[in-house]
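Below is one structure, written out as structure tokens; the observations come after it.
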Amino acid sequence: MVERSVLVTGGTGGLGGAVSAAFVAAGWRVVVADLRPVDGVGLTGVAADLTDPAGAAHAVEAAAGDPAAPLRAVVNLVGGYAGGGLVHETPVEEFDRMLTLNLRPTHLVTRAALPALVAAGGGAVVCVAARAALAPFPGVAGYVTAKAAVLAFANAVAVEYRSAGVRCNTVLPSVIDTPANRAAQPDADHSRWVAPAEIAPVVRFLAGDESAPTSGAAVPVYGRA
């Protein structure tokens, strides 16, 4: 019997399918929110613009709408990468775009979901930053800043909602082995990258009761990269 729901954002991305499948396999009611509705066995798709407060609220309303399976976890996967020049060479619009794509959906969805998680007696939020948030490399200041902000935001949620029983943790991938990343870096050693199927169990663990003592953690999922 399904007794709990999880909201997975960015379910059409390279990581989203594996994460959603991990929750379905574990018996969760899985609501997947993205710009395009997602179809799949065991999935409830919600089309929503998660950079908009109303879209984020709509997604959370759908995820929290089954009294028999209250919302107990939120997984924030929406994000993106863009490289460019050095800081003085990067247009401010591109810098802002990285914040809008990576930080804003995580903030809006988490903000909308927290009352439901508290009302359900507690739960978990899992965010996705990047190794670059801790170990930056040149030419991606907007991306690095946005992912570092995601990590800082997750830590703030962990502190603010600890007494309400809501935990918040972050996973930090290196390069995720997706078709898009392979196309962008065809000459890289793909065997060193981390596969979505390797990250998904970590995310599910952080959302479940098995990780109840853990909040405010930044969990590396680097593979061999």
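Structure summary
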item: Förster radius 35 Å - calculated FRET efficiency between GLN185 and THR51 (Cβ-Cβ, nearest 0.05); result: 0.85
item: Principal-axis tilt of helix 92-102 within the chain, Cα atoms, nearest 10 degrees; result: 30
item: Cβ-defined net charge surrounding LEU172, 13 Å radius [Lys, Arg +1; Asp, Glu -1]; result: +2
item: Dipole-positive endmost among ALA132, PRO179, ALA146 within the range 129-190 (Cβ charges, Cα centre); result: ALA146
item: Sites matching GluC sites (Glu not before Pro) across the range 6-101 that sit in DSSP coil, with at most 14 neighbouring C-beta atoms within 10 Å; result: none
item: Net +/- balance of residues flanking VAL150 in space, Cβ distance below 13 Å, scoring K and R +1, D and E -1; result: +3
item: Cα long-axis angle, helix 53-63 against the chain (0 to 90 degrees, to the nearest 10); result: 50
item: Of GLY80, GLY142, GLY11, the one that fluctuates the most in a GNM where the chain has Cα springs shorter than 10 Å; result: GLY80
item: Environment charge of THR214, counting only residues whose C-beta is closer than 14 Å and scoring Lys/Arg +1, Asp/Glu -1; result: +1
item: Normalised contact order of the range 142-197, rounded percent, pairs of Cα under 8 Å and 6 or more residues apart; result: 26
item: Mean ellipticity per residue at 222 nm, deg cm²/dmol - from DSSP H runs of n ≥ 4 across the chain, formula -39500 (n - 2.57); result: -12000 deg cm²/dmol
item: Simple Cβ-charge dipole of the chain, Lys/Arg +1 and Asp/Glu -1, about Cα centre, in debye nearest 20; result: 420
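Only the coordinates and a few stated rules stand behind these numbers; no lab work does. Bear in mind the structure is a predicted one, so any value in this text is a computation, not a measurement. Every residue, glycine among them, receives a Cβ derived from its backbone with ideal geometry; neighbour counts consider all protein chains shown.
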